[in-house]
Each structure stands twice: as structure tokens, then as C-alpha cells.
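Below is one structure, written out as C-alpha cells, with a few remarks after it.
The values are calculated or read from the model by the stated rules, or taken from the named source; none is laboratory data. Note that the coordinates shown come from a computational prediction; the quantities given were computed from them, not determined experimentally. Positions of Cβ are generated from backbone atoms using ideal geometry, with glycine treated the same way; all protein chains shown enter the neighbour counts.
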Amino acid sequence: MTERPSASKAQAPLLRARFAADPAEAMARINSSIEFDKRLYAEDIAGSQAHAAMLVAQGILSAADGTAIADGLESVGREIEAGEFQFDPALEDIHMNIEARLIALIGEPGKRLHTARSRNDQVATDLKLWVRAALEGADDRLRDLQAALIARAEEHIETVMPGFTHLQPAQPITFAHHLLAYVEMFGRDRGRMADARARLNECPLGAAALAGTSFDIDRDATARALGFDRPTANSIDSVSDRDFAMEAVAAAALAAGHLSRLAEELVVWSSPGFGFVRLSDAFSTGSSIMPQKRNPDAAELVRGKTGRIVGALVALLTTIKGLTLAYAKDMQEDKEPVFDAFDSLILCLEAMVGMIRDLTADPERMRAMAGSGHATATDAADWLVRVLGLPFREAHGVVGRLVRLAEERGCDLEALGLADFQTIEPRITDGIFDVLGIDRSVASRNSLAGTAPERVRAALARARERFL
Ligand code: ARG
């Protein structure tokens, strides 16, 4: 395998003038990023257009050269979009592939484009533009998911289900309230996406290799042209910073964690033992051997893909750790994790929106489980506090003994008779039965942010205002 890539000569005119020999095959292969960074072509062309227009405005390039470059870059963009572009691995990356093609198309003006810039500020700019759009795409889908959850919640304001801790029935809640918990999580995820977007929105272009440039460039103009709020403040930081990517992927990892919890709930809820929800046919899969199966593969994959999104974050953090300033080629390894994290997140969000929109809830099954397992024991203890004036800790003990009695009888707490209650605490009256029903229990949890339908109705209206 000593054969050199045949196209390696293509690189020579661009940057190998000082070498007598071609790169080794393994050198060319380890160095080449075009297979993945070709995804940055639109951002790269936009950056070059802004840079060239600025060079013309500053009198660094002639207007004629500027026009040739602008038209040439447009042609290159069209070729790539039409699938006609020949990507050459020997040209390493998207920046040199586009520049080489520009030169092939328009000749000498193309060779002037790289004045007062470097691939270092170029790639930082391209990746920022890509991440910015990815954050916006994620935000859109997070909003879609909130809208789907809010729509389902509106149908289930009065639907009582068991609320769990330790996946053991804890207290009755409403299904709407449970769904709105996720609306809050995804709202914070959107906040993190917005924060990351605001912080990254400074333009590195013009930092050149690391030290700035001797040309009289206008960094405000390029920043503005590319929709940045301002140029970056330090040229070394401009080409060294990848924390914008890490922050975005960290936000993606947190969102993936939330999606994974919801996915896990769908898996549990759709299992026959629970039967709280039924996923639509469109979001269920069959088994190759068991004809009756109805599997929640999409939910499992949403849960499963969390691993690779978190993995992308770890990969980025590890790659950047310990790099001296400014640019090092290690940074080329930043792109695949970023692309993969956002591709996975967006796919997961789209699948989750579909599952939530399509699912059928079974309020009967939810209610049946909500009413079992002594789910209103806390309400009984609260009654002892409120009516008999017991300290809560003592009330807890009384109800604990009542639950033990119920279990000895093989029944639920509310199935015990008044006489049974009075064997444990003689002052109990039949007023206690009023609080043992699950609807009463739910309606009574009317504190701020609580599960009572009245509160949930208001929370839904607020959620619509805040998020949609
Ligand atoms: N393909 C490179 C990357 O992704 C572009 C920057 C190259 N710069 C350099 N000094 N070799 O990081």
C-alpha cells in the first residue's frame, strides 16, 4: 500500500510548494476530512462571499475580481447542490475543494480569494454557522414537541393516573400534569439552545491564522453580512475556541436525556402490565417470529441514541482538553461528533413528536392503577393532621399501621371500615372517607404548581403563552 492517491498532485499548487515529495498514502488519508466536512459547503461559500465582498469594499480586491469570485462561488454551490461536484480527498477539506474548483472555473481572481484569511478562521466561522442553524433547528422541533405534549395534556386535564416515585405508585396525579412536566424540561432545553446561540454569535473571520492580518480588513462588515452580532475580540481565541460546539452539544445531551426519560415512560406505559397508552401502528414494530408483538422500537431508539449524543459531548471535551493555543489539527475531529449529535437529536425529536401526537391513552387503566396500592395514604395522614391536630410524623405512623392492617386483609386502605380505622386511632370519624377517593385527592392538591385540575388548566394556558 505504498501507492499515493492519484489526485494528491492536485494539492501541490495550493499549499505544497515547499515540499519535494507527495504525502504518503496514510498521511493523505489521516489528513483528509472532506468525507464529513463537505456538509459545511454552504457555510463555507457564504463565508467566502462575505470575505470577498469585504475585500472589494476595502479596496484590497478589484471590483472585477470581486464579481468573478462571487459568480464563481455561486457556480460551485450549484454544482455541489446538483451532485455534480467532484470532491477530491487529496484536497483535504471542504475549504480547499471549493477554492481549487473556484480557481479552475475563474482562474486568477480565484487565487486572490484567500487574501487576509486562513483556513483556521474559515473553519471556525463555518462551524459556528452550522451549529447556529442546528441550534435553531433543534429549537423548532423542541417547540413542536411542546405543542404536541400541550395538545395531549388538554385532553387529559381530568384523567387520573398514579404518580410514581421509585416506579412505585406514590400519589394520584393527572395525566396532563405529568405531560406538562416534560413541557417544562423541554422549555429549559430551549433556553439552553438559545443561550448557546447567543454566546456563539461572534464572528471569527479576520482572525486569519491566529494573529490577525496586515491587510486593512473590516471585520464588522463580514460579521454583519453573516448575521453575527459582532466580531470576536481576540484573534487567538477566535481560532482556538470550540466551546461554542461543546456548549451546543451539551445542550443537546441534556435534551436527549429528557427525551430518553420520556421514551422510557412510553416503553413502560405501553407494556401490557401498565397499558396506559397504545402507540399508533405507525410508531410500532412487529417481531420476525412472534406475530402478536407490538414493540415500541422508536421509543427504545430515542432512549438508545442518548448514548451517542452524550458520547459526542465526551469526545469533544476530550479532544480539546490540553490543546495548546492556537489551532491544532486535533480540532478537525470536532465535526463528526457535532454533526452526529444534532442529526441524532433532530431525528429523536421528530420521532417523539410523532409518537406523542399519535398515541392513544387509556384513562380506565390509569385510574385502576391510581386507585390501588393505598395511593391516598398521604391524604389520610393529612386528614389526621387537619382534623385531629396530630403532628404529621404521628399521623404518618397511624396510617402506616392502617396500611399494614389493610394488607393483612388483602384490601386497599379505603376498603377498610370505620371500625377498623378506629382500632388504630379511636378519634377517627367517617369524615376520613371523603379524602380517600382519588378524584378528591387530586383536586385537593391545589397548591401552586400542583396537580389539581384547576391548577393544571391554568398551567396549560400559561404554557401556551410561554412556549408556543
Ligand atoms: N480541515 C481543517 C479543520 O477542520 C481546516 C483547518 C485547517 N487548518 C490548518 N492549519 N491545517 O480543522
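Total residues in the stretch 140-170 satisfying the condition of being of a type outside the set (A, V, I, L, M), in contact (Cβ under 8 Å) with a residue 60 or more places away in the chain and either over 19 Å from A361 (Cβ atoms) or part of a helix (DSSP H, G or I) (or both): the figure is 8. Here the condition is being farther than 30 Å from G187 by Cβ and surrounded by fewer than 22 Cβ atoms within 10 Å (Cβ to Cβ); of A415, A361, A443, it holds for A415 alone.
In summary, R409 fulfils each of the numbered conditions (1) at pLDDT 95 or above; (2) exposed (fewer than 13 other Cβ atoms within 10 Å of the Cβ) with the single exception of condition (1). Among residues of the stretch 21-42 being away from the ligand (no atom under 12 Å from the Cβ) and not hydrophobic (A, V, I, L, M, F, W, C), the one that is farthest from the chain's Cα centre (by Cα) is D22. From the set of residues in the stretch 293-342 that are under 30 Å from R357 (Cα atoms) and touching a Phe, Trp or Tyr at 6+ places or on another chain (Cβ under 7 Å), which is farthest from the ligand (Cβ to nearest atom)? Among those that are under 30 Å from R357 (Cα atoms) and touching a Phe, Trp or Tyr at 6+ places or on another chain (Cβ under 7 Å), it is A298.
Given the structure, is T115 of a type in the set (S, T, N, Q) and not in a loop (DSSP other than H, G, I, E, B)? Criteria not met by T115.
Yes/no matrix, rows are residues, columns are (1) modelled with pLDDT of 95 or more; (2) within 16 Å of the ligand (Cβ to nearest atom); (3) crowded, with 19+ Cβ neighbours inside 10 Å:
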| position | (1), (2), (3) |
| --- | --- |
| A57 | yes, no, no |
| L61 | yes, no, yes |
| T67 | yes, no, no |
| E74 | yes, no, no |
| R78 | yes, no, no |
| G83 | yes, no, no |
| Q86 | yes, no, no |
| I94 | yes, yes, yes |
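Find the helices (runs of 4 or more DSSP H) located wholly in the stretch 27-93 whose residues include 2 or more that are of a type in the set (A, V, I, L, M) and either closer than 22 Å to A208 by Cβ or in contact with a Pro (Cβ under 7 Å, 6 or more places away or on another chain) (or both), and list them.
Working: elements: 34-37, 41-57, 63-81.
Output list reads 41-57, 63-81.
For the stretch 109-124, residues that are of a type outside the set (G, A, S), away from the ligand (no atom under 11 Å from the Cβ) and touching a residue at least 24 places away in the same chain (Cβ under 8 Å) total 5.
When the stretch 267-308 is filtered for residues that are charged (D, E, K, R), touching a strand residue (DSSP E or B) at 6+ places or on another chain (Cβ under 7 Å) and farther than 25 Å from A176 by Cβ, only D297 remains. Restricting attention to the stretch 276-313 and to residues that are of a type in the set (S, T, Y) and touching a residue at least 12 places away in the same chain (Cβ under 8 Å), the residue that is nearest to F339 (Cα to Cα) turns out to be T306.
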